[in-house]
Structures are given as structure tokens and as C-alpha cells.
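See below for the structure under consideration.
The values are calculated or read from the model by the stated rules, or taken from the named source; none is laboratory data. Owing to the predicted nature of the structure, the values given are computational and were not obtained by experimental measurement. Cβ sites come from the backbone with ideal geometry, for glycine too, and all protein chains shown count toward neighbours.
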Amino acid sequence: MHRNLVAMSLAAIVGFSGLTACGGGNRKVARVSTDTQTDLSGNWNDTDAKLTSEKLISDCFSSAWVSDFQGEQKRKPAIRVHGIVNKTDEHIDAQVFVKNIERAMVNSGKVKVVAQGGNEMGSVNAEEDFGASGRVSDQSAASIGQQTGADFVLVGRMASIVDQVEGEKAKFYKITFELISANTAEKVWIGDHEIKKVITQAGHSW
């Protein structure tokens, strides 16, 4: 009996030690500024999305289409950002990128940004329907038929090329945006941004 108790105690100690080792005793977590550039895997990340959106919007608004439209229409153009086609080899949340684009546009003060389709327009339409139901005062009800239409739509495409050998990988991203007139289907601006990363990992075979 005594021998069994000793054996059980040793087993418990060994098991606890194993759990402690598996618990990642050397792991450290540090809070950093959201502006800190981090590249852990070499894949597309938040820094890439932010820098790309800033670069493309800067290029877009320096083009002649903005002043041409304002000169003719005497107002700010309204833009609707449509979805981004992802042709890369990664799962990328396109909505994060779209929101970066929309924020940069709104903050520029040069254009109006109207809601996307899907859930955003569904929410707007639901509010209009609620306003027309008779349960909301006329002064505060959202009016049907008063939505701002888009003068232009912005569409995007992301593609990537991967080149790799043992221990080294190169990733090339190309992001292209096109601004299209909703009235004439004319492409008034085309911009692109390229990113290239080299990932090295000794003793690793891709």
C-alpha cells in the first residue's frame, strides 16, 4: 500500500511538471502602440492595409478628376466603396481594408462616402421603413427617397506572387483600385500599390 502511494505521488508530480512545461512558461506579452509596425509571419497585416490605403487615397485625390467634378458640379463627389476581390493565397478580411479606405476618404474632407450594400444599406433601409411606419415623429423620421446616390464607385483587387526556396520566401503583393463614374461607367482614376517582403528562416523548408 505504501509503495502504491509513493508511485501515485511521483506520477502526480511528473504530470504537474509536464503541464507547467506545456503552459509556455517563457511566453511574454507586451502591449505596443497600434502604430508599431509588426511583421511576424510575413503575411499581409494591419500595417500593410494602413500604408496601402493611405498611399492609394493620396494618389487618388491628387488626380485631376476631383477638381474636374467640383468645377462642373459645384459640390463634393459622393463615392461608394464596393468590395475588394482577393486573389492572394491568404485569407484576408477585406472589410478591414475597406474601412481604412473609407476613413481616409472621409477624413480628407474632399468627398462624401455613402454606405456600402449588404448590411449597411439594409440598416439604412430598415430605419427608413421604421420612419414611415407612423411610429416616429415627422420631425425625426428618416425620409424615404432622400438617400444620397453615388457619383463614383471604387473597386479593388488584391493579388500576390510567392517565390520560395529552402529557408527563404519572397512575397509580392499588388493592390489595384479603380474609380468608375456611376453615370457614364468611365474610369476616371486607376491606382496601384506594391509591397514586397522577404522572409528568412534558417533550417526551415517551405
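Checking the structure you have, find out if any residue of the range 76-83 is loosely packed, with under 13 Cβ neighbours inside 10 Å, out of contact with any His (no Cβ under 8 Å at 6 or more places or on another chain), of a type outside the set (Val, Ile, Thr) and not in a strand (DSSP E or B). Within the range 76-83 (the criterion being loosely packed, with under 13 Cβ neighbours inside 10 Å, out of contact with any His (no Cβ under 8 Å at 6 or more places or on another chain), of a type outside the set (Val, Ile, Thr) and not in a strand (DSSP E or B)), the answer is no, since none of the residues qualifies. Taking the criterion of being surrounded by fewer than 15 Cβ atoms within 10 Å (Cβ to Cβ), over 16 Å from Gly191 (Cα atoms) and within 17 Å of the chain's Cα centre (by Cα), would at least one residue in the range 63-73 satisfy it? There is no residue in the range 63-73 that is surrounded by fewer than 15 Cβ atoms within 10 Å (Cβ to Cβ), over 16 Å from Gly191 (Cα atoms) and within 17 Å of the chain's Cα centre (by Cα). Total residues in the range 41-82 satisfying the condition of being closer than 20 Å to Ala115 by Cβ and either touching a residue at least 60 places away in the same chain (Cβ under 8 Å) or acidic (Asp, Glu) (or both): the figure is 7. May I ask you to verify whether Ala141 is assigned to a loop (DSSP other than H, G, I, E, B), farther than 30 Å from Ser63 by Cα and either modelled with pLDDT under 90 or touching a Cys at 6+ places or on another chain (Cβ under 8 Å) (or both)? Taking the combined requirement at face value, the residue satisfies it.
Would you mind stating whether Val96 is closer than 24 Å to His193 by Cα, assigned to a helix (DSSP H, G or I), among the aliphatic types (A, V, I, L, M) and at pLDDT below 85? So Val96 fits the description; yes.
Residues of the range 150-206 that are more than 21 Å from Glu102 (Cα to Cα), assigned to a strand (DSSP E or B) and among the charged types (D, E, K, R): Asp163, Glu168, Lys169, Lys171, Lys196, Lys197.
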